[in-house]
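Below is one structure, written out as structure tokens; comments come after it.
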Amino acid sequence: MALDGITVANIVSEMNAVMCGARINKIAQPEADEILLTVKTLQGQRRILMSASASLPLIYFTQKNKLSPMKAPNFCMLLRKHIGSAKILRVWQPSLERIIHFELEHYDEMGDLKKKDLVLELMGKHSNLIFCDDNGTIIDSLKHISAQTSSVREVLPGRDYFIPKTQEKMDPLTADREGFLSVVFSKPLPVYQAIYQSYTGISPVIAQELCCRAHIESDQSAKELSEEEQLHLSRIFLELMEDVKEEHFSPNIIYDAQGAPVEFAGVSLSMYADLNPKSYGSISEVLETYYAQKNDVTRIRQKSADLRHLVNTMLEREAKKLDLQRRQLKDTEKRDKYRLYGELLHTWSYGIEPGASSALVPNYYDNDKEVKITLDPNKSASENAQRYFEKYEKLKRTYDALSELIHQTKADVDQLESVKTFLEQAQSEADLNQIREELAESGYIRKHDTQKKKGASRPEKSRPWHYQTEDGYDIYVGKNNLQNDELTFRFANASDWWFHSKKAPGSHVIARRKDGQELPDHIFELAAGAAAYYSSARDADKVEIDYVQRREVKKPNGSKPGFVVYYTNYSMTVRPDISKLSLVP
């Protein structure tokens, strides 16, 4: 989520604990919308990254340095001139706004002690870094906002600094029970919306968390809650605000079962109890870790964009081809009727008058029921029989050819659908490289597109996911079709158990036996849940899973990667879930 008022309060608390009395040592502007402050504290040197990016405004302590341009931008030079060695008196946040003030003290050119205010506004596209004097007059800002750009507030040198009040929201830190009850439950909105639209600094995630803590459905209308539920929710809200005022924070990141970051917050989020929360020592570490990992996911999505477009295009083309071939195959259903007509005309030709346009003959395959056959009056009965035999032979050849084509096209569609599923699950460059390798081997892309230049470092090899249960059983999950084949036919033992979604493309899952003993029943359920989770039916409530001992799984000669057959199996219906499995690094 974006920074909300509670996360900003956590940042302010963390910075006050470290930086009160610290001195600014260095100011850099590595990006157009970023300032990097290096400060000397009692604990040593610290770096603070301030970003007023419209897409990702941030502030946190970091150990990483960034390269700066050879010539410092004007705003950076101005800050160096005024506060290059300033003392940080305090860091504070007005109400629960997404705004941080750095109150600074420095000596001017005349040797007089002066105060300045550096204000970071973390407000999405309106984010800015504003430098003011002790009277609240703007000296300069990272982004200049004129009256032509905003009718609410100008951010220009010489203008007075103020926080624009564009929404009628209340300060949650001064809230009381009566005020909460009157303002929230008077709105005809879902409860969580009524909360975050009534108070500053409360995000939708925190509003939903409050409902979760109060055991109230967040989508329920605020006006429909009973008096007891209203009182309970108000108590939960005030308790959270008391924790914020007393600076009781618990920075954490919520991870899904694959280890991908889902959410972060400065307070615990019980609404994600089915996922994996991880606590951190500081909110700075949370922000730096979360966005670094999110950037990794975004980077993989960007790198796989061309592959996903290619696969979607080919899948659409093959699906259309398959539909056309099936419609053409339906037209060959008349072939057996033409064969029958030819046989009957050949048998009863002696009784058919020359020049007849039709004939009514007994069908000895159906209790001699009479069949009416259309004839060409310019041909004899034998010639008409031969004409029907020729039609039959033509349609039979078409049927045989189309059946083979449909089999091949269906295999292509199945493979491309599975590749599409695995592309959505890819988490690293190594995963993408192996998918490219499969596409190259199948002829969808040229092989040299997947090869590294001579002298390049050897790429990291993608490996199957390895999970363990609480009682120590190993479960392995293939990340693509090549890994599925490797996992099933080279890694798994004949007595291990194999799992796969019944009607959806997905991963092969191997549940390994331990010490030669049979698997307990709950391991079957966990492995089936993993097979459902790593399939295209992940979002379904229930997925049917086939499972069988690995020795029963066969790979036909010449079949596509990942394609297998089995003739005896068990089935179960499970919910896609890997929350009870631990990922082994």
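Each value in this text was obtained by applying a stated rule to the coordinates, not by laboratory testing. Everything numeric here is computed off the predicted structure, so don't read it as measured data. Because the Cβ atoms are built from the backbone with ideal geometry, glycine has one as well, and the counts that use them run over all protein chains shown.
For the stretch 507-585, applying the loop criterion from DSSP together with a ceiling of 16 other beta carbons within 10 Å to the GluC sites (Glu not before Pro) yields Glu518.
In order along the stretch 396-409, phi translates into HN-Hα couplings of 5, 4, 4, 4, 5, 5, 5, 4, 5, 5, 5, 4, 5, 5 Hz, rounded to whole numbers, per the Karplus curve 6.51 cos²θ - 1.76 cosθ + 1.60 with θ = phi - 60° and x for Gly and Pro. By the count of neighbouring beta-carbon atoms within 10 Å, fewest first, Phe422, Phe489, Phe75 end up ordered Phe489, Phe75, Phe422. Of Glu417, Glu246, Glu109, Glu424, the sequence from fewest to most neighbouring Cβ atoms within 10 angstrom is Glu109, Glu246, Glu424, Glu417. Helix 335-347 and the long axis of the chain differ in direction by around 0°, with both axes built from C-alpha atoms. Among the trypsin sites (Lys or Arg not before Pro) in the stretch 327-392, those located in a DSSP loop and surrounded by at most 16 other Cβ atoms within 10 Å of their own Cβ are Lys379. Taking the dipole about the Cα centre of the chain, with the C-beta of Lys and Arg at +1 and of Asp and Glu at -1, give me whichever of Asn378, Ile83, Cys211 is farthest to the positive side. Positive-most Cα among the choices belongs to Asn378. Shape class of the stretch 5-141 from the Cα gyration tensor (axes a ≥ b ≥ c, square roots of the eigenvalues): rounded, since a/c falls below 1.5. Principal-axis analysis of the Cα atoms of the chain puts helix 74-83 at an angle of about 40° to the longest axis. Using 20 Å as the cut-off for backbone N distance, which residues of the stretch 66-109 belong to the label zone defined by a point 7 Å from the Cα of Leu156 along Cα→Cβ? Under 20 Å, as judged by backbone N against the label point of Leu156, lie 74-75 of the stretch 66-109. Distance between the modelled labels on Phe563 and Ser358, one decimal in nanometres: 4.6 nm (7 Å Cα→Cβ projection). Annotation: amide H of Lys114 within the under-5 Å range of His106, Tyr107, Asp108, sequence separation 5 or more or interchain, hydrogens built in the peptide plane.
Charged side chains reduced to their Cβ positions (Lys and Arg at +1, Asp and Glu at -1) give the stretch 5-141 a dipole of some 560 debye around its Cα centre. Kindly express, to the nearest 10 degrees and within the range 0 to 90, the angle between helix 305-330's C-alpha long axis and the longest C-alpha principal axis of the chain. The answer is roughly 20 degrees. Stretching Ala273 away from Ala292 to a fully extended chain increases their span by 4.5 nm, per 0.36 nm per residue minus the current alpha-carbon distance.
From the backbone phi of the stretch 565-572, what are the Karplus-calculated ³J(HN,Hα) couplings (6.51 cos²θ - 1.76 cosθ + 1.60, θ = phi - 60°) in whole Hz, Gly and Pro given as x? Per-residue couplings from phi come out as 10, 8, 10, 10, 7, 9, 9, 8 Hz. Neighbour counts of C-beta atoms inside 10 Å place Met241, Met314, Met19 in the sequence Met314, Met241, Met19, starting with the fewest. With a cut-off of 13 Å between beta carbons, the residues surrounding Tyr473 carry a summed charge of -4, where Lys and Arg count +1 and Asp and Glu -1.
Quick check of the Kirkwood formula: for the stretch 295-361, what is the inverse mean of 1/r over all pairs of different Cα atoms, in Å? Result for the stretch 295-361 stands at 17.1 Å. Under a 5 Å amide H cut-off, with hydrogens placed 1.01 Å from N, Met170 pairs with Tyr199, Thr200 among residues at least 5 apart or on other chains.
Rounded, prolate or oblate: which fits the stretch 1-78 when a ≥ b ≥ c are the square roots of the eigenvalues of the alpha-carbon gyration tensor, with rounded for a/c under 1.5 and prolate only if a/b beats b/c? It comes out oblate by the Cα gyration axes. Quick one: plug the Kirkwood hydrodynamic radius of the stretch 172-300 (C-alpha pairs) into Stokes-Einstein at 4 °C, 1.567 mPa s, and report D in µm²/s. Answer, rounded: 83 µm²/s.
Backbone geometry of the stretch 374-387 corresponds, through the Karplus equation with coefficients 6.51, -1.76 and 1.60 at θ = phi - 60°, to 3J(HN,Hα) couplings of 6, 10, 8, x, 7, 10, 6, 4, 5, 5, 5, 4, 5, 4 Hz, x marking Gly and Pro. A DSSP coil position with no more than 13 other Cβ atoms inside 10 Å describes the following trypsin sites (Lys or Arg not before Pro) in the stretch 23-75: Lys64, Lys66, Lys71. Taking a temperature of 25 °C and a viscosity of 0.890 mPa s, what whole-number D in µm²/s does Stokes-Einstein yield for the stretch 465-583 with Rh from Kirkwood over alpha carbon pairs? Taking Rh from Cα pairs, D becomes 176 µm²/s. For the stretch 341-500, the C-alpha radius of gyration sits at 1.98 times the compact-globule guess of 2.2 N^0.38 Å, with N the residue count.
Using the structure shown, select from Lys320/Lys560; Lys143/Lys187; Lys81/Lys125; Lys420/Lys447; Lys503/Lys555; Lys40/Lys245 the pairs with a Cα to Cα distance greater than 25 angstrom. As for pairs spanning more than 25 Å Cα to Cα, those are Lys143/Lys187; Lys81/Lys125; Lys40/Lys245.
Please find the FRET efficiency linking Lys245 to Lys580, where r is the Cβ-Cβ separation and R0 is fixed at 25 Å, and quote it to the nearest 0.05. With a Förster radius of 25 Å, E is 0.10. Between amide H atoms placed 1.01 Å from N, distances below 5 Å from Lys502 occur with Glu544, Ile545, Asp546, all of them 5 or more places distant or on a separate chain. Using a/c under 1.5 as the rounded threshold, could you call the stretch 246-337 rounded, prolate or oblate? The axes a ≥ b ≥ c are square roots of the C-alpha gyration tensor eigenvalues, and prolate needs a/b larger than b/c, oblate otherwise. In terms of gyration-tensor shape, prolate.
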